1. Would you mind listing the helices (runs of 4 or more DSSP H) fully within the stretch 9-88 where at least 1 residues are touching a helix residue (DSSP H, G or I) at 6+ places or on another chain (Cβ under 6 Å) and under 29 Å from V460 (Cβ atoms)?
2. Considering (1) within 15 Å of the ligand (Cβ to nearest atom); (2) β-branched (V, I, T); (3) in contact with a strand residue (DSSP E or B) (Cβ under 6 Å, 6 or more places away or on another chain); (4) outside any helix (DSSP H, G or I), say which one I161 fails and leave the rest.
3. Of the conditions (1) touching a Gly at 6+ places or on another chain (Cβ under 7 Å); (2) not in a loop (DSSP other than H, G, I, E, B), T204 clears all except one; give me its number.
4. Can you pull out every residue in the stretch 141-158 that is away from the ligand (no atom under 11 Å from the Cβ) and assigned to a strand (DSSP E or B)?
5. Among (1) in contact with an Asp or Glu (Cβ under 9 Å, 6 or more places away or on another chain); (2) more than 16 Å from the ligand (Cβ to nearest atom); (3) not β-branched (V, I, T), where does G286 come up short?
6. Name every residue in the stretch 391-417 that is more than 16 Å from the ligand (Cβ to nearest atom) and touching a residue at least 60 places away in the same chain (Cβ under 8 Å), in order of residue number.
7. Is it the case, given these coordinates, that N152 is open to solvent by 20 Å² or more (accessible area, probe 1.4 Å) and under 31 Å from the mean Cα position of the chain (by Cα)?
8. State all residues of the stretch 107-131 that are more than 27 Å from D267 (Cβ to Cβ), under 24 Å from the mean Cα position of the chain (by Cα) and surrounded by 13 or more Cβ atoms within 10 Å (Cβ to Cβ); if no residue qualifies, say none.
Amino acid sequence: MTPEQKAKLRELPSVDDLLNEEEVGDWIAASSHALVVESLREAVELVRRRILEEDGEVAVERRAILDVAEDIFARRTIPSLRRVINATGIILHTGLGRAPLCSEAIESIVEAVGGYCNLELELETGKRGRRERHVEGLIRRVTGAEAGLVVNNNAAATLLILNTLARGREVIVSRGQLVEIGGSFRLPDVMLASGARLCEVGTTNRTRLDDYEQAVNDDTIALMHVHTSNYRIIGFAEQTPIAELVTLARHFHLIVIDDLGSGALIDVTTLGLPAEPMPAASIEAGADIVCFSGDKLLGGPQAGIIAGRKDLIECIRSNPLMRTYRTGKLTLLALEATLRQYIDAEKAAQNVPVLAMIATDTDVLAERARTLCELLEQTVPGESFYVCSDTAYVGGGSLPGAEIASVCVQWRPKQVKLSTAVQLLREGEVPIVARVHDDAICFDLRTIIDDDFEDLAIGVADNIEDDR
Ligand SMILES: *Cc1c(COP(=O)(O)O)cnc(C)c1O
């Protein structure tokens, strides 16, 4: 150790010293003594190590150490799970939490969760009630089914349905519908975990009613239809429609299960998208049980909705596994408010953010892009931004290949490297997740909301400053 290093180590303030600083008192008031002490200790230790490694150049004044401590403290107090700006143009981005909630759902949560709510209390009778009853009527209404149920997500719904109705029995599924929905949801694996036996029929691209019929045996309990929501087989392809499966199932006394995946509750062709199967149509065609996600095209919270025949729903409800999949009050509050929007399809198209984002006209997006572009030019000197047309996607494993014309603001950074800029945007105070395309960072107006504009501009400006 050099004499300079020794001198510097002696100069280092102690944690106790630093605790007497006025601003440190403010940090303690805003969080906790323990967290502040940890941050100070870590800052002093960091500077001590720098002194030992870098001989000479390290600042040891109180101010410098407090700055280091403040950074550490800030990182420890920022919530881990927090708001980000989705500039990717992918509307149902699973990494970014899928569907943003409608304002009615948010209000409902804010109103009810700071205190108590009638989660499992029937106000009319004063008796204990089932928590799912708050949404059952709405599920019946939007699907036309006799009964409904809600669990944590559609994967749970599928597993619960199969475990209740088909354990130890055979379920016939077309080879073209044995989907993987990202990560750990692969239909054959879910089937195995449920205790049901999978009987694959047909080929990848074509499965006909005959194929199902020939596979039926004494062990068969159900025919399952799975919407291939995240890929499409085009060309020489044929799948058997639900109505035909129903006819066959009735003849052999089998159950028809339809996993619809995204569960569009309005006709999405009116929003300019390719057709998606709707739960009500499947029930109408005679499916005994359908299930779909709450946070895909429905545009609500993460949930799995099960609807269908009353006797079967009763069985599913009595499955002991049901207790392990039950939803929390936050989900039920948001789901009830979201489903309520669908009482009027036009209202849903306007109020449910996912649907509104899909339906927004490109002229409107272009106008908003110009506003954002001007704001960026004012806030970030020395950089240029351009409005250009681009393509957005529904995402979230819905509507594969369905492109939506969109408009974005492009940024080709001059003062920062492109890859550095992308990273800094992601790590900013309000993280911004953008797409890189043609050597430019693209901010897609389809998923950016007006309330994001200012934070986005500030984020880009900070980005340039941080890197100087
Ligand atoms: C998305 C999807 C699932 C899984 O739904 P989660 O709500 O994400 O659990 C299951 N089946 C199909 C067909 C899907 O599209």
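1. Values: elements: 15-19, 22-30, 33-54, 62-77.
The helices (runs of 4 or more DSSP H) meeting that bar are 22-30, 33-54, 62-77.
2. Among (1) within 15 Å of the ligand (Cβ to nearest atom); (2) β-branched (V, I, T); (3) in contact with a strand residue (DSSP E or B) (Cβ under 6 Å, 6 or more places away or on another chain); (4) outside any helix (DSSP H, G or I), I161 violates only (4).
3. Only one criterion in (1) touching a Gly at 6+ places or on another chain (Cβ under 7 Å); (2) not in a loop (DSSP other than H, G, I, E, B) is unmet by T204, namely (2).
4. Restricting attention to the stretch 141-158, the residues satisfying the condition of being away from the ligand (no atom under 11 Å from the Cβ) are 141-150.
Across the stretch 141-158, the qualifying residues are A147, G148, L149, V150.
5. For G286, the failing item is (1).
6. T391, A392, I404, S406, C408 - these are the residues of the stretch 391-417 that are more than 16 Å from the ligand (Cβ to nearest atom) and touching a residue at least 60 places away in the same chain (Cβ under 8 Å).
7. Details: open to solvent by 20 Å² or more (accessible area, probe 1.4 Å): yes; under 31 Å from the mean Cα position of the chain (by Cα): yes.
For N152, the condition - open to solvent by 20 Å² or more (accessible area, probe 1.4 Å) and under 31 Å from the mean Cα position of the chain (by Cα) - is met.
8. E107, I109, A112, V113, R131
The values are calculated or read from the model by the stated rules, or taken from the named source; none is laboratory data. Note that the coordinates shown come from a computational prediction; the quantities given were computed from them, not determined experimentally. Note that each Cβ is placed from the backbone with ideal geometry, even for glycine, and that neighbours are counted across all protein chains shown. When the accessible area is computed, the model is the full protein with side chains, heavy atoms only, and any ligands, DNA or RNA have been set aside. Shrake-Rupley method; radii C 1.70, N 1.55, O 1.52, S 1.80 Å.
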